[in-house]
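Report on one structure; see the data block that follows.
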Amino acid sequence: MTIQWFPGHMTRARRQIQEKLKLIDVVIELLDARIPMSSRNPMIDEILQNKPRLVLLNKHDLADPAVTAEWVAYFADKGLQALPVDSANGNQTKDIMVRCKELFGDKIATQVRKGINPRPVRALIVGIPNVGKSTLTNRLAGKKIAATGDRPGVTKGQQWIKVGSEMELLDTPGILWPKFEDQMVGMRLAATGAIKEELLNIADIALYVVRYLTVHYGASLQERFSIEKLPDDPQDTDAMIEVMEAIGRKRGALISGGRVDLEKASLTILRELRAGKMGRISLESPSDVRQSDAR
Ligand code: G4P
């Protein structure tokens, strides 16, 4: 699902989340493990203020485990607990529940001291479209929850979903917008499928991916497409386009005269990347973020 965000949507989405914050104890901030910063809302700290927060790095099954470990350390440095999860296939419900309870711990201890039976910890999932909010909700609920009002500005009565006996989840997640003003962020979002590739030029996205893979995952790229040698200079755009053409030829993406259909080749590259065919790949690491912060 792709939402066209306009300033009015953003204001409304923000207001809706702030309304929901009054009802809950802990926020589950869902990010894409392959691009944690690019899949993050730029105003998240301001929106959530001091609400206890657990960061989940979702789609961990597709991300590079070593880079994900760097992200966990990065968030820890910022005082945030981050947990890699795979909502589609894994089951980390218990771990998520334990961490949410810990984050809410002081209040539980106070209730127990006062002789009150502690009530379940109440949580809200927030994240950008396609990051896996519904998948995680279904996983935590242990069943399929009908998708409702999954658009900014569409509301319905709040309902609580039980997660075991000690946790409850608001059934409508908070939908946030990404930081798409930054072109590199847009590329990463499109590369992972978070935004529709038609919003950008598909060959540009694939070029970005092939360049990134050449620098960080050269061996995986070579192996997947049987490429003997990659260009020495990844900044050499012509040489990178030749790599894309070689991939296109391998996959039969040809037009009349035997020339490569670059658009088709680009689609193939993106599809195979998203399906994890080149192995577990992250498109962003904490050092990329530090570099862009320094600029
Ligand atoms: P949203 O509510 O935040 O918009 O996201 P949603 O749960 O709809 O998930 C978006 C896509 O991401 C879905 O794929 C979903 O299966 C996939 N996904 C969610 N979590 C994970 C995960 O941990 N690992 C992997 N590999 N994929 C995940 P889709 O192609 O849109 O649909 P489908 O293939 O499930 O039919």
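The values are calculated or read from the model by the stated rules, or taken from the named source; none is laboratory data. Owing to the predicted nature of the structure, the values given are computational and were not obtained by experimental measurement. So basically every Cβ, Gly included, is an ideal-geometry build from the backbone, and we count neighbours across all protein chains shown.
Go through (1) surrounded by fewer than 22 Cβ atoms within 10 Å (Cβ to Cβ); (2) modelled with pLDDT of 95 or more; (3) hydrophobic (A, V, I, L, M, F, W, C) for Val209 and report which single condition fails.
(1)
In the range 42-90, how many residues are of a type in the set (Asp, Glu) and within 16 Å of the ligand (Cβ to nearest atom)?
Of the range 42-90, the ones of a type in the set (Asp, Glu) are 45-46, 61, 64, 70, 77, 86.
Next, only the ones that are within 16 Å of the ligand (Cβ to nearest atom) stay: 61, 64, 86.
Number satisfying all stated conditions: 3.
Report whether or not Glu29 is within 13 Å of the ligand (Cβ to nearest atom) and out of contact with any Cys (no Cβ under 9 Å at 6 or more places or on another chain).
yes
Could you list all residues from the range 212-226 that are surrounded by fewer than 18 Cβ atoms within 10 Å (Cβ to Cβ) and either in a loop (DSSP other than H, G, I, E, B) or touching a Pro at 6+ places or on another chain (Cβ under 8 Å) (or both)? It would help to see each step written out before you state the result.
Within the range 212-226, the first condition is being surrounded by fewer than 18 Cβ atoms within 10 Å (Cβ to Cβ), and the residues that meet it are 215-216, 218-220, 222-223, 226.
Once the filter is applied, which keeps residues that are surrounded by fewer than 18 Cβ atoms within 10 Å (Cβ to Cβ) and either in a loop (DSSP other than H, G, I, E, B) or touching a Pro at 6+ places or on another chain (Cβ under 8 Å) (or both), the range 212-226 yields Val215, Ser226.
In this structure, is Ile24 of a type in the set (A, V, I, L, M, F, W, C) and within 16 Å of the ligand (Cβ to nearest atom)?
no
Restricted to the range 51-68, and to residues that are within 20 Å of Gly132 (Cα to Cα) and without any contact (Cβ under 8 Å) to a residue 40 or more places away in the chain, which residue is surrounded by the fewest Cβ atoms within 10 Å (Cβ to Cβ)?
The selected residue is His60.
Give the residue that is farthest from the ligand (Cβ to nearest atom), with candidates limited to residues of the range 162-194 that are touching a helix residue (DSSP H, G or I) at 6+ places or on another chain (Cβ under 7 Å) and within 22 Å of Gly279 (Cα to Cα).
Within the range 162-194, the match that is farthest from the ligand (Cβ to nearest atom) is Met187.
Does at least one position in the range 245-259 carry a residue that is surrounded by fewer than 20 Cβ atoms within 10 Å (Cβ to Cβ) and under 22 Å from Arg40 (Cβ atoms)?
No; the residues of the range 245-259 include none that is surrounded by fewer than 20 Cβ atoms within 10 Å (Cβ to Cβ) and under 22 Å from Arg40 (Cβ atoms).
Only one of Leu230, Leu270 is in a helix (DSSP H, G or I), closer than 28 Å to Glu70 by Cα and either out of contact with any Asp or Glu (no Cβ under 7 Å at 6 or more places or on another chain) or outside the structural domain of Lys143 (by TED's automatic domain parsing) (or both); which? I'd like the intermediate steps shown before the answer.
Values: Leu230 fails: in a helix (DSSP H, G or I).
Of Leu230, Leu270, the one residue that is in a helix (DSSP H, G or I), closer than 28 Å to Glu70 by Cα and either out of contact with any Asp or Glu (no Cβ under 7 Å at 6 or more places or on another chain) or outside the structural domain of Lys143 (by TED's automatic domain parsing) (or both) is Leu270.
Within the range 120-145, can you find the residues that are of a type outside the set (S, T, N, Q) and either away from the ligand (no atom under 16 Å from the Cβ) or assigned to a helix (DSSP H, G or I) (or both)?
Answer for the range 120-145, where residues must be of a type outside the set (S, T, N, Q) and either away from the ligand (no atom under 16 Å from the Cβ) or assigned to a helix (DSSP H, G or I) (or both): Pro120, Val121, Arg122, Lys133, Leu136, Arg139, Leu140, Ala141.
Of all residues in the range 119-145, count the ones that are over 26 Å from Arg14 (Cβ atoms) and either without any contact (Cβ under 8 Å) to a residue 24 or more places away in the chain or under 20 Å from the mean Cα position of the chain (by Cα) (or both).
4
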